[in-house]
Structures are given as C-alpha cells and as structure tokens.
Amino acid sequence: MVLRLFQVLAVVLMGVQLGVSYAHFMQMPGKLALPLDCYILVQNQVISYRVKLAFIEIPSIVSAIAATILLRNQRRAFWLTLLGAICMIAMWMIWAIWIQPINQQIDGWTATTAPTNWSDIRYQWHFYHLIRLVLAAIGMSALTFSLFSNRVKPVS
C-alpha cells in the first residue's frame with residue numbers, strides 16, 4: 001500500500017511537471033516574438049510560479065526515491081522508477097544551475113537596464129526548458145511503466 005502510494009504520487013507529480021514543461025514549450029513562439037518590455041512583463045508578472053514549483057518538484061523527487069528503495073527487489077520496476085527519479089533530479093539540477101540564475105537576472109531587468117544580449121539569455125532560458133520537457137517525458141513514461149511492471153499476484 002505504501003509502495004503504491006509513493007509510485008502514484010511520483011507519477012502524478014511528474015505529470016504536473018510535464019504539464020508545466022509543455023506549457024513553456026507552447027509559450028515559446030509567442031514569447032520569442034515579444035519586444036523586451038513586453039517580455040519582461042510576461043516573464044516576471046504573468047508567469048511567476050517559479051518558487052511554487054518547489055512544492056511539486058521536491059515531493060516528486062522524494063516519492064520517486066522512496067518508491068525506488070521499496071522496489072529494490074523488483075528488477076524491472078526498480079530500474080524504471082530509478083530512471084524516473086534520475087530524470088526528476090536532472091530536471092531540478094537544470095533549474096537550479098541554469099534556469100534559476102537566469103530568472104534572477106530577468107527579475108532585475110527593466111527596459112533600460114536589460115543587457116544588450118537579453119535575447120540570447122531568453123533563448124538559453126527556453127533551451128533549458130526544452131531539455132526539462134524531454135526529461136519530464138522520459139521520466140513520466142518510465143514511472144508510468146513501472147506501475148504496470150510489478151503486478152502483485154493475488155493471494156489464493
């Protein structure tokens with residue numbers, strides 16, 4: 001029962017992360033066309049859920065790691081869940097190492113104080129989010145398949 005709870009929680013929370021990553025992907029064409037002043041407004045005011053995602057990413061990593069530990073004796077489910085957990089950790093690391101520093105830069109921008117290479121920084125932000133989207137899709141698939149790979153046989 002505890003194992004299933006951790007597995008389902010990991011899948012649901014990874015699904016939320018996949019949805020957020022997909023939303024970034026869908027917003028990309030429109031945001032790349034924005035002039036600087038509009039981009040700053042959209043990035044800092046309209047799409048300001050950065051810190052709130054920690055309430056999803058941290059529990060998803062914890063639940064995936066807990067499920068991985070509990071599945072250590074079920075080979076296929078273990079490896080699939082481990083892959084999902086690794087994808088979650090990699091997503092968080094990309095955010096912490098590359099995306100969050102860019103977020104902090106953009107938070108301080110105004111139309112007159114933004115660096116001259118602001119559009120390059122914007123492309124980097126989107127590029128890192130695309131990597132997160134790929135990782136989220138792989139992780140979500142692995143975690144979902146892990147649910148079906150460790151069927152418990154009913155007691156006769």
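Label positions at GLN45 and ILE97, each projected 7 Å from the Cα along the C-beta direction, are separated by 3.5 nm.
Work the Kirkwood hydrodynamic radius out for the chain: mean of 1/r over every pair of different alpha-carbon atoms, inverted, in Å.
It works out to 16.8 Å.
In a reduced charge model with +1 at each Lys and Arg Cβ and -1 at each Asp and Glu Cβ, the chain shows a dipole moment near 800 debye about its Cα centre. With both labels modelled 7 Å from their Cα along Cα-to-Cβ, the VAL16 to ILE58 distance reads 1.3 nm. Straightening the chain between GLN124 and SER141 buys 3.5 nm, computed as 0.36 nm per residue apart minus the Cα-Cα spacing.
Where a number appears in this text, it was derived from the coordinates with a stated rule and is not lab data. In this text the structure is predicted, and so the values were computed from the model without any measurement. Don't worry about glycine lacking a Cβ; one is built from the backbone with ideal geometry, like all the others, and counts go over all protein chains shown.
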